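Worksheet: the structure to be examined is printed underneath.
All of the numbers you see were taken from the coordinates with simple rules; none came from a lab. A quick note: this is a predicted structure, and the numbers were derived from the prediction, not measured. Backbone-built Cβ (ideal geometry, glycine too); neighbour counts: all protein chains shown.
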Amino acid sequence: MPRIALHWVKSILLTLYQRSAITRDEIVRSTGLNPASVSHALQRLLSSGTIVKVGELKSSGGRRREVLKLNPEAGYFVAVDLERTRIRYALTNLVGDIRYRWEQELDVGMDVAVSNLLRGLEMVQRNLAPWQSSRLLAVGISCPGFIHEDGLVTAVNLGWRRFPLAEKLKEATALPLFLDTACRAYVQAERRLGCAQGCDSCIYIEIGKGIGAGIVTDGDYLDGRDHMAGEFGHITIDPTAADPCNCGKQGCLEAIASSSGMVRQYKDVSGLSAAGKDHVRLSDIFEDARKNEPVALSVIDRASKALALGLSHLIMIFNPALIILGGDLLQGEDLMVPRIKRGVSAHLPDFVRETEIRVTSLGLDIGLKGAAFLAFQNSLTDPKLMNKLCAPLTEEITA
């Protein structure tokens with residue numbers, strides 16, 4: 001039997017991933033493959049159940065065209081979002097729908113132990129049916145901070161400096177593991193599933209315990225020489241400010257506008273820190289601001305102004321079509337987003353007014369969906385995982 005080329009299947013599955021339903025002709029146009037290659041690969045994917053037929057369309061010539069989609073239950077992934085203020089774990093199906101989830105809250109300053117991560121991986125797998133376990137393909141992890149060329153992770157907000165995260169996890173799980181920076185995972189999720197579909201120039205801003213940016217320009221992700229592009233939170237936004245940052249500087253955007261920075265400011269100004277009352281959450285600040293409490297409003301105003309100034313700089317440098325805001329800011333979207341938009345407009349010259357600013361369409365699950373897509377995308381380049389996904393194919397998928 002002839003073999004199916006891996007790149008045929010990869011192109012087809014990537015096309016199907018972001019389309020709820022598609023015809024053969026549309027697959028040919030989207031992938032650029034010749035009709036014979038598409039037909040051969042689809043025949044095997046249909047026979048294995050990796051994709052399914054969901055209907056038919058009648059063409060003008062009277063010939064019926066099959067409508068196809070990915071079979072969501074053909075494969076599963078474990079997705080992990082190391083989201084600074086909490087760790088989210090999920091079991092997702094092939095297209096990123098969440099089947100089970102488990103979360104672990106993180107205290108400010110709490111280091112993350114590998115044993116905690118392993119417990120989370122176990123929690124989302126413990127109730128799997130045998131047939132689901134047999135279709136479990138890989139683990140995808142979105143991680144804050146940055147990943148060095150040697151795979152070591154530096155995420156100061158998690159207590160990691162050149163930490164061998166992947167190596168430690170691979171020692172304890174047999175599943176293939178794929179790791180990427182959070183902002184890259186988030187912006188890729190938006191481009192595949194969210195409000196940035198079809199957008200080749202966009203920036204995703206994550207506002208949580210830290211602040212990061214995932215930057216896509218002309219369709220390519222901006223990585224940087226040391227994979228540190230997008231460390232947006234560590235720009236000095238106010239040189240006169242005494243706000244301390246985890247990076248060791250003062251006056252960083254992250255120190256002023258991150259969730260932990262806003263909580264610290266609120267406690268300092270209100271006197272709660274001196275009184276030893278440390279149980280303040282960002283949601284408490286937003287609720288107080290909605291009641292017009294002066295300290296809460298002043299903290300939100302300051303953070304919004306700092307973010308607006310920083311975003312205006314990004315717009316002038318990269319000229320994106322779209323900026324997407326996400327993270328803990330979603331809890332106070334009604335308070336912060338209007339302030340940010342007004343501030344950005346005030347900082348930009350009249351000839352730069354076209355960048356759209358939106359809130360993520362994927363909500364708080366964006367990290368899990370990004371991690372799931374990371375695992376899906378990388379699985380498509382591994383013949384062993386592809387043969388597992390496409391079982392019971394009688395033909396071997398080769399590189």
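So which chymotrypsin sites (Phe, Trp or Tyr not before Pro) in the range 290-390 end up in coil per DSSP with only 11 or fewer other C-beta atoms within 10 Å?
On the way: sites: PHE318, PHE351, PHE373, PHE376; in loops: PHE351.
Within the range 290-390, the qualifying chymotrypsin sites (Phe, Trp or Tyr not before Pro) (loop, at most 11 other Cβ atoms within 10 Å) are PHE351.
Which trypsin sites (Lys or Arg not before Pro) in the range 87-151 pass both tests, a DSSP loop state and at most 12 other beta-carbon atoms within 10 Å?
Filter output for the range 87-151: ARG126.
Considering amide H positions built from the backbone, and no H for Pro or chain starts, which residues 5 or more places from ALA138, or on another chain, come under 5 Å of its amide H?
VAL78
If you take the beta carbon distance between LEU46 and HIS7 as r and set R0 to 22 Å, what does 1/(1 + (r/R0)^6) give as a FRET efficiency, to the nearest 0.05?
Efficiency for this residue pair is about 0.70.
Quick one: what does P(r) look like for the range 196-361 with 10 Å bins over all Cα pairs, in whole %?
Percent of Cα pairs in each bin: 10, 39, 35, 13, 3, 0.
Fully extended, how many nm does the chain gain between SER298 and ASN319 (0.36 nm per residue separation, minus their Cα-Cα distance)?
Result for the pair: 4.5 nm of gain on full extension.
Once you have the Kirkwood Rh of the chain from its Cα pairs, apply Stokes-Einstein at 4 °C and 1.567 mPa s and quote D in µm²/s.
57 µm²/s
Between ALA182, ALA257, ALA113, where does the largest GNM mean-square fluctuation fall for the chain, given springs only between Cα atoms within less than 10 Å?
It is ALA113.
Using the Kirkwood radius built from alpha carbon pairs, what does the Stokes-Einstein equation give as D for the range 122-232 at 25 °C and 0.890 mPa s, in µm² per second?
In µm²/s, the coefficient is 158.
Would you please report the Å³ per residue occupied by the convex hull of the alpha carbon atoms in the range 4-70?
Output value, Cα hull per residue: 84 Å³.
My understanding is that a pair violates if its Cα-Cα distance is over 25 Å; which of LYS170/LYS388; LYS267/LYS291; LYS10/LYS69; LYS170/LYS249; LYS168/LYS384; LYS170/LYS384 do that in this structure?
With Cα atoms farther than 25 Å apart: LYS170/LYS249.
Please give the helix 366-379 orientation as an angle from the longest Cα principal axis of the chain, in degrees from 0 to 90, rounded to the nearest 10.
Helix 366-379 and the main axis of the chain meet at about 40 degrees.
Can you compute the charge dipole magnitude of the chain about its Cα centre, using +1 on each Lys and Arg Cβ and -1 on each Asp and Glu Cβ, nothing else charged? Give it in debye, rounded to the nearest 20.
The dipole of the chain has a size of about 1200 debye.
Tell me, what HN-Hα J-couplings in whole Hz come from the Karplus equation 6.51 cos²θ - 1.76 cosθ + 1.60 at θ = phi - 60° for each residue of the range 243-260, using x for Gly and Pro?
Karplus-based 3J(HN,Hα) across the range 243-260 equals 4, x, 10, 4, 7, x, 8, 10, x, 5, 4, 4, 5, 9, 10, 6, 4, 5 Hz.
Which FRET efficiency, nearest 0.05, do LYS291 and ALA346 yield, Cβ-Cβ r, R0 22 Å?
0.25
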